[in-house]
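Have a look at the structure below, then the notes.
The values are calculated or read from the model by the stated rules, or taken from the named source; none is laboratory data. Only a predicted model underlies this, so the values are computations on that prediction, with no experimental measurement involved. All Cβ positions, even for glycine, are placed from backbone atoms using ideal geometry, and neighbour counts span all protein chains on display. Accessible surface areas use protein heavy atoms only, side chains included; no ligands, DNA or RNA. Shrake-Rupley method; radii C 1.70, N 1.55, O 1.52, S 1.80 Å.
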Amino acid sequence: DLPNLVCIPTFQHCSCDMLEFTESAEKEKDNLLKSFYAWSQAVCSKLIEAGYWADYIDPCSGYPVLGTQGSSTYNEVEGMQLLLRYKFQQVGMCKVILHPRWGQRIYPASMFTVAPLEQIQKAIKWVESSFQQKTEEKSGEI
């Protein structure tokens with residue numbers, strides 16, 4: 001179903017520069033990865049429940065999380081550059097994507113599906129509502 005494949009690029013704004021390798025920057029990147037995993041798992045689950053294929057990419061390895069690993073990986077920087085025409089900066093052997101608003105203070109990660117746009121929007125809306133409710137319940141416990 002390749003003609004219907006949709007890439008859903010995500011960006012989380014972060015306080016650290018993605019090129020920082022301090023303890024606090026690594027902790028923030030770990031938290032952003034966990035946040036992406038939780039959100040993507042929930043969205044993919046809703047889409048799969050509705051009968052559509054969906055998967056998300058582990059930004060650390062470039063491999064799909066739910067599916068089997070193939071012979072190649074997905075490069076987030078090249079994907080964002082190709083799909084969104086975002087600029088990048090070459091830093092040594094690495095390319096760093098430059099978000100038009102947040103520069104390199106972002107955590108990019110992607111998910112893919114063959115679901116139609118209405119289903120994707122419905123799943124995202126449900127997940128965001130669910131996460132918001134959990135956040136409100138958590139803050140009410142304090």
Looking at ARG101, ARG105 in this structure, which one is closer than 27 Å to ALA25 by Cα, in contact with a strand residue (DSSP E or B) (Cβ under 9 Å, 6 or more places away or on another chain) and in contact (Cβ under 8 Å) with a residue 60 or more places away in the chain? ARG105
Taking the criterion of being touching a Ser or Thr at 6+ places or on another chain (Cβ under 8 Å), β-branched (Val, Ile, Thr) and more than 23 Å from LEU98 (Cα to Cα), would at least one residue in segment 58-75 satisfy it? yes
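If you take the residues in segment 65-87 that are in contact (Cβ under 8 Å) with a residue 24 or more places away in the chain and not in a loop (DSSP other than H, G, I, E, B), which one is surrounded by the fewest Cβ atoms within 10 Å (Cβ to Cβ)?
Pass one, segment 65-87, residues in contact (Cβ under 8 Å) with a residue 24 or more places away in the chain: 65, 74, 76-77, 79-80, 83-84.
With the extra rule that they be not in a loop (DSSP other than H, G, I, E, B), the set shrinks to 76-77, 79-80, 83-84.
Numbers: GLU76: 20, VAL77: 17, GLY79: 20, MET80: 23, LEU83: 11, LEU84: 15.
Filtering segment 65-87 for residues that are in contact (Cβ under 8 Å) with a residue 24 or more places away in the chain and not in a loop (DSSP other than H, G, I, E, B), the one surrounded by the fewest Cβ atoms within 10 Å (Cβ to Cβ) comes out as LEU83.
What tally of residues in segment 51-61 results from selecting those that are surrounded by 15 or more Cβ atoms within 10 Å (Cβ to Cβ) and not charged (D, E, K, R)?
Residues flagged as surrounded by 15 or more Cβ atoms within 10 Å (Cβ to Cβ) and not charged (D, E, K, R) within segment 51-61 amount to 6.
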Which residues, taken from segment 1-38, are surrounded by fewer than 15 Cβ atoms within 10 Å (Cβ to Cβ), farther than 30 Å from VAL114 by Cβ and either touching a His at 6+ places or on another chain (Cβ under 8 Å) or touching a residue at least 40 places away in the same chain (Cβ under 8 Å) (or both)? SER15, ASP17, LEU19
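If a residue must be farther than 15 Å from TYR107 by Cβ and hydrophobic (A, V, I, L, M, F, W, C), how many such residues does segment 22-53 contain? Talk me through it step by step, then tell me what you get.
To start, the set of residues in segment 22-53 that are farther than 15 Å from TYR107 by Cβ comprises 22-23, 41-53.
Filter once more, keeping what is hydrophobic (A, V, I, L, M, F, W, C): 42-44, 47-48, 50, 53.
Total satisfying the criteria: 7.
Starting from residues that are part of a helix (DSSP H, G or I) and hydroxyl-bearing (Ser, Thr, Tyr), keep the ones in segment 88-131 and report whichever is most open to solvent (accessible area, probe 1.4 Å). Step through it out loud before you land on a result.
Here is the first cut: in segment 88-131, the ones part of a helix (DSSP H, G or I) are 117-131.
Subset that is hydroxyl-bearing (Ser, Thr, Tyr): 129-130.
Values: SER129: 70, SER130: 23 Å².
Result: SER129.
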